[in-house]
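Enquirer: Below you'll find the structure I mean.
The values are calculated or read from the model by the stated rules, or taken from the named source; none is laboratory data. Only a predicted model underlies this, so the values are computations on that prediction, with no experimental measurement involved. Methodologically, a virtual Cβ is constructed for each residue, glycine included, from the backbone with ideal geometry; neighbour enumeration extends over all protein chains shown. Note: accessible area is taken over every heavy atom of the protein model, side chains too, but ligands, DNA and RNA are not part of it. Shrake-Rupley method; radii C 1.70, N 1.55, O 1.52, S 1.80 Å.
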Amino acid sequence: MKFTYRLKNTKEENENLKLPKGLSYYKDSDFSTKLRARFMYYLCFSVIIALIFLVFNTSYLHLNSKEFHGIFYPVIILEMLLILVLGICIFILKKGHYNIVKHIFISSSMLCVWAVMWVSIGNPLVRLDTVVYILAVFNLSSLFFVKHKRVYLLYIIINVIVLFVFVFFVKEDLSLTSSTVIDYLADTTVAFLFTGIVGYNIIAINKRSFEKVETDNKQLKKTEEALRQSELFRHRVFDSSNIPIVVMESKSYKYIDINKAALKIYGFSSREESLGKTPLDVSAPTQYDGSPSFKKAAFYIEKALKEGEVTFEWLHRRPDGELWDAKVQLLSFRSEEKILLQFSLIDITEQKKVEKELQKSELKYSTIFENAQVGIYQTTPEGEILQANPALIDMLGFDSFDEISKYNINIDNSYVNSTRKNFIKLIEEQGFVKDFESEWKTKGDETIIIKENSRVVRNLEGKTLYYEGFVENVTKRKLAEKALKESQNLFQTLAQVSPVGIFRTRTDGYTTYVNPKWMELSGLSFEEALGDGWLKAVHPDDREFQYNNWELHLKKSETSTAEYRFLKPDGSVVWVLGRAEPELVDNKICGYVGTITDITEVKKIENELKKHRDNLEILVKERTEELETTNEELIATNEEILKQREELETVLIDLKKAQNQLVHAEKMASLGILASGVAHEINNPLNFIRGGVFGIQDYIEDNLKNHLDELQTFIDIVNEGVDRATNIITSLNHYSRTNDLKKSICDMHKIIDNCLVILQNKIKYKIEIKKDYSDLPHSLLANEGRMHQVILNVLTNAVQSIENKGSISIKTLNVDDTLQILISDTGCGISNENISKIFDPFFTTKEVGAGTGLGLSITHNIIEEHNGTINVDSILGQGTTIKIVLPLNN
Amino acid sequence: MIVKKITVLYVDDEPINLKLFFLNLQKRFNIITAKSGYEGLEQLKLNSNIDVVISDMKMPGMNGIEFIRKASGDFPDVLYFILTGFDINEEIADALNERLIYKYFRKPFNIEEIETTITNLFR
């Protein structure tokens, strides 16, 4: 703090030196340069002012003095020049070139002095001035110079030379004697040299003392800096140290400084809180030995003051009441006439706790040692027994430690087969043994197998002190293991040589073992069979079944058997019978063991048998089927025969019918052809008759009018005969008709109505017509003229059958794809013997001339031409029903 | 008023028929007869005054319709009739529909019917 202040002062002083505005260039120069520059600056200004004054003064003198005749210009110009030079000096000075300025100044001053002197030669006073001026300039120069003092000497020498030159040139003008000159020169030179040497020395002294001051100053600064640094460093170290440190005043016991670590460990929140506290504020009321803390503290402080240092353990207490242990180093030291004490603290709370724990655990371990079920020992490499716990003593058949301690295990051959040597070798090599098994002899000469875990305990130099370790009697276990191993071997051997495949799985079906036979049967390696791998060997067709079967049995936990196939990698198929038995441990299933037996051969035979059986079955089935078929065929044949017979009978009947029809048709056809032929041929003769009669009648009318009445009767009779014949022939003409007339869609109801209109005069007042037409439209493809003929024929017959009064019912029906026309009359009816003849041509029951006997025959023909049927149903005396069925054109 | 006598050509292979037709109708019409279709065609060419042709249907060589079909090509202004002993057949029905023939008469012929029909047509 002190040094900082001083540094600040220096700086202030430096700042206090006020430089003229123009000299800001020298702000950072050293102090003396600043002073010099300032001086030079002011000097130049003062000289300029003085010179201005001088110019005026000189001018005035020159003008007013009788001595001068007007202004003496050389002096004035010189003075003016000097003003100019000084102005330049100020300019250069401002630019910061002090050293140049000083030389210009000195040189120009001297030149000026000499110039004035040269100009005003005649005036001795002036010469005196010159010397004085030069000397003054010399004295002045010493002020300017700090360095380059030799230059100063140069100035002196130059001036002396100039003096000599000047004297040499002016001595004539002044008419000085040689002695005067010598005297003048000697005096002046001595004055110059003396002043010069004095000035030179002043410069030297100035310079040296200045340098000295500067060096001292630098030294001082360096020292100050070092001190400052060390102080800071110390403080930083103090504050940042992890070791809690406290400085205490020795008389009042009050804390005067404390570092961060100490704050933390004491549990103070801030430095301020801690200052002024005493050790008692951070201590427990009493210490470890029970004495009050203040007494104990006083004791240690006294000791520290007396001996300079003391270390002790102290029980502290934090403001929150928590107790903690510390190792305290107390140092006393002197600072500025004061005796101070410094505490360094180490928190040993954990250590203390561990110590306590250690004490506790020691107690515990001793209990363990005494009560452990395993043997615990310590023996020397030489075989001496240092420690043996009761378990070990008991294990070896001794009664007490005293008894066993007399025993040397190296010598007394307690190890069978010199395993002790191996033990020592091993334990010395690696420092411990683990699960080392050996056979020991007990006191009763019984051999037991033990397992020990031991280590070497060595001293710092690495020398073995003793071995210590745990011993476990594993005799029983070993025997059991041996038995187990034997049984395992047995199992292994059995499994290896077993002619059946053996496998073992976990409860989840994961296979853990298969024997060689299993591998042979499945074609899988041991590794492939593990886990679910065994499924790979199962034939793809059986895989799903076998997997499901296995899953099922796993759930049921019962013995399972199954037959399935293995498909070996070489493509061969092996049939196996698998059996799996749950493996029970404490009535709990822990897996399954199973066998697989090769039943390929059995299967083969079975298959063969099955094939035979199947073949047999097929054979029997085939035979049976054949027999059945034969039987069926026979029955069918029988039926067929019966049917055929029936058919034949029917055919026979049909044939007969057909024959009749054929005969009839043939008869009709030939009759028709005959009739039409005859009819045509008869036409001409009839024409002759008709024409002839017409001619005769004409002739009679013209020539024999009076005979006409008599002859007319004969003519009429001839005409009547011709008419009848013509009628017959006209009807016969129908037979010759070819079946080529055009058909069109006919409305049967309209046809019927037309016919009724034609027959109107015969029906009127005599016959009641009852119409019952179908509502459904019909599409009948027929020759309309023919249809008219049919209906007209039928209706004519019906009308003619009614003698007096009666009725005719006309009914039409759409039945399936046919149109049925039923025409019933209440006429005379037809006798049974006649009913079969009514369609025969020329059959008629009407009186001669009333009918040709061709009407129904023609009707029949027309209906047949239209693929229809016509039937007659008649009861004699009651009436007749004609049923016409025509196919519709749907 | 003098009415021009209608000239009728009657074609039939039966000479008695030709004779009877001529005798019965010569008073009313000018009658020209031909024994076959060929002869009928020749008569038509010879007698440009023929107004009506009546032909039998069944004739050797050329039947009535065939004859009329040929004749109507050359003499379309003549009225043609068929006189047949047979019932109407398709050929005749077609000829009627085509207006090739005006009417057909049945044998044995009714002289009065023929006379009336023709007379009415030319009244």
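Enquirer: With respect to B:Ile118, determine if the residue is in contact (Cβ under 8 Å) with a residue 12 or more places away in the chain, within 14 Å of another protein chain (Cβ to nearest Cβ) and open to solvent by less than 10 Å² (accessible area, probe 1.4 Å).
Expert: Judged against the criteria, B:Ile118 is not a match.
Enquirer: Based on what the data block shows, is B:Asp74 within 14 Å of chain A (Cβ to nearest Cβ) and surrounded by fewer than 16 Cβ atoms within 10 Å (Cβ to Cβ)?
Expert: no
Enquirer: Based on this model, can you work out whether A:Ser831 counts as surrounded by fewer than 20 Cβ atoms within 10 Å (Cβ to Cβ), among the hydroxyl-bearing types (Ser, Thr, Tyr) and more than 22 Å from A:Val885 (Cβ to Cβ)?
Expert: Considered against the rule, which asks whether it is surrounded by fewer than 20 Cβ atoms within 10 Å (Cβ to Cβ), among the hydroxyl-bearing types (Ser, Thr, Tyr) and more than 22 Å from A:Val885 (Cβ to Cβ), A:Ser831 comes out as yes.
Enquirer: Here is a further query. When the residues of the stretch B:77-115 are filtered to those that are in contact (Cβ under 8 Å) with a residue 60 or more places away in the chain and part of a helix (DSSP H, G or I), which remaining residue is nearest to the other protein chains (Cβ to nearest Cβ)?
Expert: Ranking the qualifying residues of the stretch B:77-115, first place goes to B:Ile111.
Enquirer: For residues in the stretch A:720-730 being more than 13 Å from A:His680 (Cβ to Cβ) and facing another protein chain (nearest Cβ under 10 Å), which is modelled with the highest pLDDT?
Expert: Looking at the filtered set, the residue picked out is A:Val722.
Enquirer: While we're on this one: Of the conditions (1) within 25 Å of A:Thr349 (Cβ to Cβ); (2) outside any helix (DSSP H, G or I), A:Ser252 satisfies every one except a single condition; which number is it?
Expert: It is condition (1) that A:Ser252 fails.
Enquirer: Determine, yes or no, whether A:Ala297 is open to solvent by less than 20 Å² (accessible area, probe 1.4 Å) and without any contact (Cβ under 8 Å) to a residue 60 or more places away in the chain. It would help to see each step written out before you state the result.
Expert: On the way: open to solvent by less than 20 Å² (accessible area, probe 1.4 Å): yes; without any contact (Cβ under 8 Å) to a residue 60 or more places away in the chain: yes.
The answer is yes for A:Ala297.
Enquirer: Additional query: Quick one: count up the residues across the stretch A:686-701 that are more than 9 Å from chain B (Cβ to nearest Cβ) and either under 14 Å from B:Lys19 (Cβ atoms) or open to solvent by 50 Å² or more (accessible area, probe 1.4 Å) (or both). Please lay out each step first, then the result.
Expert: Looking only at the stretch A:686-701, we keep the residues that are more than 9 Å from chain B (Cβ to nearest Cβ), and these are A:693, A:696-697, A:699-701.
With the extra rule that they be either under 14 Å from B:Lys19 (Cβ atoms) or open to solvent by 50 Å² or more (accessible area, probe 1.4 Å) (or both), the set shrinks to A:696, A:699, A:701.
The total comes to 3.
Enquirer: Here is a follow-up. Which pairs do you get when a residue that is among the acidic types (Asp, Glu), found in the stretch B:46-70, comes within reach of a residue that is in a loop (DSSP other than H, G, I, E, B), reach meaning Cβ atoms under 6 angstrom, with the pair 6+ apart or on two chains?
Expert: B:Asp51/B:Ile6; B:Asp56/B:Asp12
Enquirer: For the stretch A:319-368, which positions are free of Cβ contacts under 8 Å to residues at least 60 places away in the same chain, in a strand (DSSP E or B) and within 60 Å of the chain's Cα centre (by Cα)?
Expert: The answer is A:Leu323, A:Trp324, A:Asp325, A:Lys327.
Enquirer: Among (1) within 14 Å of another protein chain (Cβ to nearest Cβ); (2) at pLDDT 90 or above; (3) within 13 Å of B:Ile118 (Cα to Cα), there is one condition B:Arg28 misses while meeting the rest; what is its number?
Expert: The single condition B:Arg28 does not satisfy is (2).
Enquirer: Among the residues of the stretch A:20-38, is there at least one that is within 16 Å of A:Glu214 (Cβ to Cβ), at pLDDT below 50 and of a type in the set (Asp, Glu)?
Expert: Taking every residue of the stretch A:20-38 in turn, none turns out to be within 16 Å of A:Glu214 (Cβ to Cβ), at pLDDT below 50 and of a type in the set (Asp, Glu).
Enquirer: Kindly indicate whether any position in the stretch A:404-412 is polar (S, T, N, Q) and touching a residue at least 24 places away in the same chain (Cβ under 8 Å).
Expert: Within the stretch A:404-412, one or more residues are polar (S, T, N, Q) and touching a residue at least 24 places away in the same chain (Cβ under 8 Å).
Enquirer: I've got another one for you. Of A:Ser801, A:Ser807, A:Ser824, which residue is surrounded by fewer than 17 Cβ atoms within 10 Å (Cβ to Cβ), modelled with pLDDT of 85 or more and in contact with a Ser or Thr (Cβ under 7 Å, 6 or more places away or on another chain)?
Expert: Result of the check over A:Ser801, A:Ser807, A:Ser824: A:Ser807.
Enquirer: Consider the stretch A:165-196. How many of its residues are assigned to a helix (DSSP H, G or I) and in contact (Cβ under 8 Å) with a residue 24 or more places away in the chain?
Expert: Residues flagged as assigned to a helix (DSSP H, G or I) and in contact (Cβ under 8 Å) with a residue 24 or more places away in the chain within the stretch A:165-196 amount to 9.
Enquirer: Tell me which residues, restricted to the stretch A:275-290, are at pLDDT 85 or above, hydroxyl-bearing (Ser, Thr, Tyr) and more than 18 Å from A:Val246 (Cα to Cα).
Expert: Residue satisfying the conditions is A:Thr286 alone.
Enquirer: State which residue pairs qualify: first residue open to solvent by less than 30 Å² (accessible area, probe 1.4 Å) and inside the stretch A:863-880, second residue in a loop (DSSP other than H, G, I, E, B) in any location, beta carbons under 6 Å apart, and separation of 6 or more residues or different chains.
Expert: If the second residue must be in a loop (DSSP other than H, G, I, E, B), the pairs left are A:Ser874/A:Gly829; A:Ser874/A:Ile830; A:Gly879/A:Thr826; A:Gly879/A:Gly827; A:Gly879/A:Gly829; A:Thr880/A:Gly829; A:Thr880/A:Ile830.
Enquirer: So, in the stretch B:40-57, exactly how many residues are surrounded by 15 or more Cβ atoms within 10 Å (Cβ to Cβ), away from every other protein chain (no Cβ under 14 Å) and outside any loop (DSSP other than H, G, I, E, B)? Steps first, please.
Expert: First, the residues of the stretch B:40-57 that are surrounded by 15 or more Cβ atoms within 10 Å (Cβ to Cβ): B:40-41, B:43-44, B:50-57.
With the extra rule that they be away from every other protein chain (no Cβ under 14 Å), the set shrinks to B:40-41, B:43-44, B:50-53, B:55.
Narrowing further to those that are outside any loop (DSSP other than H, G, I, E, B): B:40-41, B:43-44, B:52-53, B:55.
Looking only at that region, the number is 7.
Enquirer: Taking B:Gly61 and the conditions (1) in a loop (DSSP other than H, G, I, E, B); (2) open to solvent by less than 10 Å² (accessible area, probe 1.4 Å); (3) away from chain A (no Cβ under 13 Å), which numbered condition does it fall short on, given that it satisfies the others?
Expert: (2)
Enquirer: So, one more: Filter the stretch B:1-23 down to residues that are part of a helix (DSSP H, G or I) and more than 19 Å from B:Tyr104 (Cα to Cα) and give me whichever is farthest from the other protein chains (Cβ to nearest Cβ). Give the steps one after another, and end with the answer.
Expert: Initially, the stretch B:1-23 is screened for residues part of a helix (DSSP H, G or I), giving B:15-23.
Subsequent filtering for residues that are more than 19 Å from B:Tyr104 (Cα to Cα) retains B:15-16, B:19, B:23.
Working: B:Pro15: 11, B:Ile16: 5, B:Lys19: 8, B:Leu23: 5 Å.
Step by step, filter the stretch B:1-23, then rank; the result is B:Pro15.
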